[in-house]
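J.: Please see the structure below; I have some questions.
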Amino acid sequence: ISISGSSISNYLFNNLDSIAGSLSIYQVSNNNPILNFNSLSYVQSGISFIGPIQNVDVFPLLDSINYLSIQSTLVSNLGYSGLLYCGGIFLGSNGALTNISGFQNLQELGSLTIAGNSNSILQTISGFQNLQDLGSIQIGSHPFLSDISGFDHSLIISGTIEITNNLFLSACSI
């Protein structure tokens, strides 16, 4: 399923419970929450958000997904409280993102990449307190990031850890 356009007013997918492929939502610019996937609990491949969308927390029942990609959005806080497993999360150049706090029930994650740039205002990563298994993690180029306490607990990391170019990060909580 692909949803795109700059003047979308409202999409309701209240009865959609699964997607056999992937879901892409891109170049949607609207200040209102425009998407409603209240029944969606399964997406076989993954979900991608690309462009100036402001609300990506539209999947209250989603508990497992292969990948989640959120790029170049206007999202300020991010999280999927129902998500238990994810193969990979990629967050790139989300200029309004200040806090990642809502992955509090995620238990297993294949890879996590949080890529910033000189315009990044991300300050806190606090929402991974129940994460038990993590394949690899990469956090880079967030000039205002000062807190990654979401990883300050017993955690198995089976791959690489790469945390670079985060000027205000004085303590690594991993």
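The values are calculated or read from the model by the stated rules, or taken from the named source; none is laboratory data. Bear in mind that the values here come from a model prediction, so they are computed numbers and not experimental data. Counting neighbours? That spans all protein chains shown, and the Cβs are built from the backbone with ideal geometry, glycine included. Just so you know, the surface numbers come from the protein's heavy atoms only, side chains and all, with ligands and any DNA or RNA stripped out. Shrake-Rupley method; radii C 1.70, N 1.55, O 1.52, S 1.80 Å.
J.: For the chain, with only Lys/Arg (+1) and Asp/Glu (-1) charged at the beta-carbon, what is the dipole magnitude about the Cα centre, in debye rounded to 20?
T.: The calculation lands at about 320 debye.
J.: I need the per residue convex hull volume for the stretch 24-113, using only the alpha carbons, in cubic angstrom as a whole number.
T.: Each residue corresponds to 79 Å³ of Cα convex hull volume.
J.: Over the chain, what is the mean sequence separation of C-alpha contacts under 8 Å (at least six apart), divided by residue count, expressed as relative contact order in percent?
T.: 13
J.: So, one more: Where only protein heavy atoms count, and the probe is 1.4 Å, what is the accessible area per residue for the chain in Å²?
T.: 46
J.: If you bin the C-alpha pair distances of the stretch 70-153 every 5 Å from 0, what whole percents do you get?
T.: Result returned by the calculation: 3, 16, 28, 29, 18, 6, 0.
J.: Taking the full set of protein chains and a 1.4 angstrom probe, give the accessible area of residue 13 in square angstrom, rounded to the nearest 10.
T.: Roughly 50 Å² of residue 13 is accessible to a 1.4 Å probe.
J.: What is the stretch 82-174's relative contact order, in percent, from Cα pairs under 8 angstrom and six or more apart in sequence?
T.: Working: 252 pairs, mean separation 23.7, N = 93.
Reported relative contact order: 25 percent.
J.: Still on this model: First compute the accessible area of the stretch 46-103 with a 1.4 Å probe, then give the percent of it belonging to carbon and sulfur atoms.
T.: 54
J.: If you take all C-alpha pairs in the chain, what percent of them are over 23 Å apart?
T.: Considering the chain, 37 percent of its Cα-Cα pairs are separated by more than 23 Å.
J.: Taking the Cα centre of each part, how many Å lie between the stretch 59-74 and the stretch 151-168?
T.: Here the answer is 21 Å between Cα centres.
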